Every structure is written in structure tokens, then in C-alpha cells.
Amino acid sequence: MTLKILHRPPPPSAQDTERPVPRWAVRLAYALPLLLLPSCLWRLPFALHFEMGQVQEGGMPAYWLSIPYVLGLSVLTEVIAVLTIGLVRGWGEVAPVWIPVIGGRRVRPLAAVVPAVLGGLVLTLLFTSVPIGEGRRLTPFGIADNVGYSNDAWQALATVCILPLAAWGPVTIALAIAHYRRRVTTRADICRGRP
């Protein structure tokens, strides 16, 4: 018995969906958890009060609060990113049989698309900010000061790790729209002879 550590996306010919999934959607869905992984790893040292070169006023919360919060946030981020793979796989169309009550039943397209689009909009809103100058930026929560770093290397590392979070919302919305277009049959499709 071999241990599979890394899961590879299925080849395009091995589809477990009703209709073929666009190749770009499969690649994007499988890349999303890897795209968000640097931000999750960047966050982990903060649980142990290592500030990763940030210059901040005020103290860090107690360990009993920071460790479960940071670990939980990182795990939740990756779990939600992995769930977006369901928008391009068969388990996003038919619920796995091990799920109580709904296992083995078809998942209605809107039951997957509506939460994905709403989540994508929320993520876009959360991780979008507009620089307004003088070390400040406009966020959905108001005007915030940019975090200072002790040197440029820490700032560059933070930017590389955190910047992909801004793509999370739009990627989720794009995958949800592709899922909807693939699953919903229109009158034009019926006239063309598609099921």
C-alpha cells in the first residue's frame, strides 16, 4: 500500500461530472488552496507572538487566545479553499454518500452557486483596500494605517504571502459562474440537442 501525500488533479479525460469542466476552471480550483497556503503559513508565527518584522504599538493577546485563533483561521481558510474544488468535481453535483440526510442526492446548482457567489463577494470586500497616500488605505471598515516593518525584506515577504488573498473572492466567483453555466440547461441548449 502506497501513501499518497500530494493529490494530483484528474486528467481532463477522467471527468466525474455530467458535463465537461473547462480546463481553466479545474486548474484554478486546484490551485486555489496552494495560492492561499503562503498567507496561512505567514499567519502561524503570530500565534506564538513572533511579529514577523512588523512594528506595532500595543501588545499581543494571551497565548490561550492567539494560538487557537490563528490555527483555527489558517485551517478554516484551507478547508474553504478545498471546498471550492467541489465546483469542478462530481461531489459538487451529487453529495457524497457518507453525508447524513443528503448523501447520494443531487445538489441543485443554486445550492452550490449562491453560497459560493456570496462568499466570493464577502471575500472580495474583506481583502480589498485602496491606498489613499500617507501610509493609509481605505478599507470596508474605514481608513486604516498601513503596518510598518522593521526592514524592506520583511515587507516584501509579507506582500508576497498576503497579496494572493485578494484573488480569493474573484476566483471563487468565477468558479461559481462556470459551475452554474455548466449545470443549468437553457432552451438554447435543448434546441441544439444538448441534454
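A few remarks follow.
- The range 13-32, subset at pLDDT 85 or above and part of a loop (DSSP other than H, G, I, E, B), residue surrounded by the fewest Cβ atoms within 10 Å (Cβ to Cβ): P20
- Within the range 92-109, tally of residues that are surrounded by fewer than 13 Cβ atoms within 10 Å (Cβ to Cβ) and closer than 26 Å to R181 by Cβ: 6
- Wholly enclosed helices (runs of 4 or more DSSP H) of the range 98-192 bearing at least 1 residues of a type in the set (D, E), farther than 24 Å from A29 by Cα and out of contact with any strand residue (DSSP E or B) (no Cβ under 6 Å at 6 or more places or on another chain): 152-162, 187-191
- G53 vs. criteria in contact with a helix residue (DSSP H, G or I) (Cβ under 9 Å, 6 or more places away or on another chain), open to solvent by less than 50 Å² (accessible area, probe 1.4 Å), closer than 30 Å to S150 by Cβ and small (G, A, S): yes
- Unique residue being at pLDDT below 90 and open to solvent by less than 30 Å² (accessible area, probe 1.4 Å) when the list is A112, A176, A144, A188: A144
- Of the residues screened, G135 is not one that is under 27 Å from R181 (Cα atoms) and not hydroxyl-bearing (S, T, Y).
- Test: V79 is open to solvent by 50 Å² or more (accessible area, probe 1.4 Å) and in a helix (DSSP H, G or I): yes
The values are calculated or read from the model by the stated rules, or taken from the named source; none is laboratory data. Just so it is clear, the structure is predicted and the values come from calculations on it, not from any experiment. Because the Cβ atoms are built from the backbone with ideal geometry, glycine has one as well, and the counts that use them run over all protein chains shown. The area values use the complete protein model at the heavy-atom level, side chains included, leaving out ligands, DNA and RNA. Shrake-Rupley method; radii C 1.70, N 1.55, O 1.52, S 1.80 Å.
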